[in-house]
Amino acid sequence: MHRVVITGGTGLIGSYLSTILASEGWHVVHLTRSGKKRGRYESYRWDPDNGYCDREAFREGDAIIHLAASNIGAGRWNEARKREIIRSRTVTGQLINRMTLGAGIMPSVYITASGVNYYGTEISEKIFSESDPPAGDFLGETCRLWEAAADPFSGKGVRVVRLRTAVVLARSGSALNRMTAPARAGLVVRLAPGNQYFPWIHIADLCGIYNKALADSTMSGAFNAVAPHHVTHDQLMNEVARQKHLPVFLPHVPVWLLRAVFGEMAVILTAGSRISSDRLSAAGFRFRYPDISSALRACL
């Protein structure tokens, strides 16, 4: 039985992924701050803030999936919050490095989450691919540092996969639930300017990508974990309205109001570009939910 160690295994992606991998015969191990076993998964304690990890957590030849990271939408971005967002993505990776390579343990593969915000937060007609450089804004720099934490593994010859992930759509617990919450009151709320692109992926496809990255030894480097169907924010919300049988008549929530409420963090709501999934398709991955209509039907 192959062993896979997952950080962030109790979060949205980690929970779905753990279930899928366990059903396919993987021995799933979680790193958690409590170290308490949840369900059927073996669990070890780690405390990245204080540089601690149970030395028994890793074994030679483990596959490692690093998902743990602070939610960028959990609060306004003051300077302390920005430092925490970056730290949660870098210190954790450095700790895994020390507990594996630093202890003479060589993983079989290291897969790290990243974000499509690697390419920046802007409205652009450009379709970004993995060959494009990181943006110079806060989120671009955050993703660059996040991915760089995996460099020691590739430097030692470990196969490293970096999955630049779009907004994840799921039936519960995802950003979609917050975006469509007003629909329960019969309202479809759209955010200005409306033409910002909305890169997305269904949770089932994202877990499928992680599964493929574990098994496919030809996958290496960065891949955009994003669905091939490009939609704007207005197109997304119009499809929500269609499937919910609701009218779309309210004006957009203005950008100035979003900035007043969310501060600098509003950029993740008001900007967005198209992201290419061509490299993933070329690697042989086939999407279960390639278009927004089928993905929303599965979620709503």
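The values are calculated or read from the model by the stated rules, or taken from the named source; none is laboratory data. Keep in mind that what you see is a predicted model, and the values were worked out from it rather than measured. Cβ coordinates were reconstructed from backbone atoms using ideal geometry, including for glycine residues, and neighbour counts include every protein chain displayed.
Could we say that Arg38 is surrounded by fewer than 20 Cβ atoms within 10 Å (Cβ to Cβ), at pLDDT 95 or above and charged (D, E, K, R) here?
So Arg38 fails the test.
Pull up segment 148-182, narrow it to residues that are outside any helix (DSSP H, G or I), more than 17 Å from the chain's Cα centre (by Cα) and not basic (Lys, Arg), then point me to the one that is surrounded by the most Cβ atoms within 10 Å (Cβ to Cβ). So that I can check it myself, show each step before the final result.
We begin by selecting, within segment 148-182, every residue outside any helix (DSSP H, G or I); these are 149-150, 156-174, 180.
This time we only want the ones that are more than 17 Å from the chain's Cα centre (by Cα), so: 156-159, 180.
Next, from what is left, pick out any that are not basic (Lys, Arg): 157-158, 180.
Values: Gly157: 8, Val158: 18, Thr180: 21.
In this case the residue turns out to be Thr180.
Just a yes or no: is a residue in segment 1-12 crowded, with 23+ Cβ neighbours inside 10 Å and in a loop (DSSP other than H, G, I, E, B)? Steps first, please.
Just the residues of segment 1-12 that are crowded, with 23+ Cβ neighbours inside 10 Å, to begin with: 4-7, 9.
From what is left, the residues that are in a loop (DSSP other than H, G, I, E, B) are 9.
Among the residues of segment 1-12, at least one is crowded, with 23+ Cβ neighbours inside 10 Å and in a loop (DSSP other than H, G, I, E, B), which makes the answer yes.
Yes/no matrix, rows are residues, columns are (1) in contact with a Leu (Cβ under 8 Å, 6 or more places away or on another chain); (2) under 30 Å from His233 (Cα atoms); (3) among the acidic types (Asp, Glu):
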site	(1), (2), (3)
Thr19	no, no, no
Ser23	no, no, no
Ile65	yes, no, no
Ala68	yes, yes, no
Ile86	yes, yes, no
Ser114	yes, yes, no
Glu122	no, yes, yes
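Yes/no matrix, rows are residues, columns are (1) assigned to a helix (DSSP H, G or I); (2) in contact with a strand residue (DSSP E or B) (Cβ under 6 Å, 6 or more places away or on another chain); (3) touching a residue at least 12 places away in the same chain (Cβ under 8 Å):
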{"position": "Ile64", "(1), (2), (3)": "no, yes, yes"}
{"position": "Ser70", "(1), (2), (3)": "no, no, yes"}
{"position": "Arg81", "(1), (2), (3)": "yes, no, no"}
{"position": "Pro107", "(1), (2), (3)": "no, yes, yes"}
{"position": "Thr121", "(1), (2), (3)": "no, no, yes"}
{"position": "Glu130", "(1), (2), (3)": "no, yes, yes"}
{"position": "Gly136", "(1), (2), (3)": "no, no, yes"}
{"position": "Thr142", "(1), (2), (3)": "yes, no, yes"}
{"position": "Leu145", "(1), (2), (3)": "yes, no, yes"}
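In this structure, is Leu21 aliphatic (A, V, I, L, M) and farther than 30 Å from Ala260 by Cβ?
Yes.
So, Ala74, is that one touching a residue at least 60 places away in the same chain (Cβ under 8 Å), aliphatic (A, V, I, L, M), in a loop (DSSP other than H, G, I, E, B) and closer than 26 Å to Thr142 by Cα or not?
On the way: touching a residue at least 60 places away in the same chain (Cβ under 8 Å): no; aliphatic (A, V, I, L, M): yes; in a loop (DSSP other than H, G, I, E, B): yes; closer than 26 Å to Thr142 by Cα: yes.
So Ala74 does not fit the description; no.
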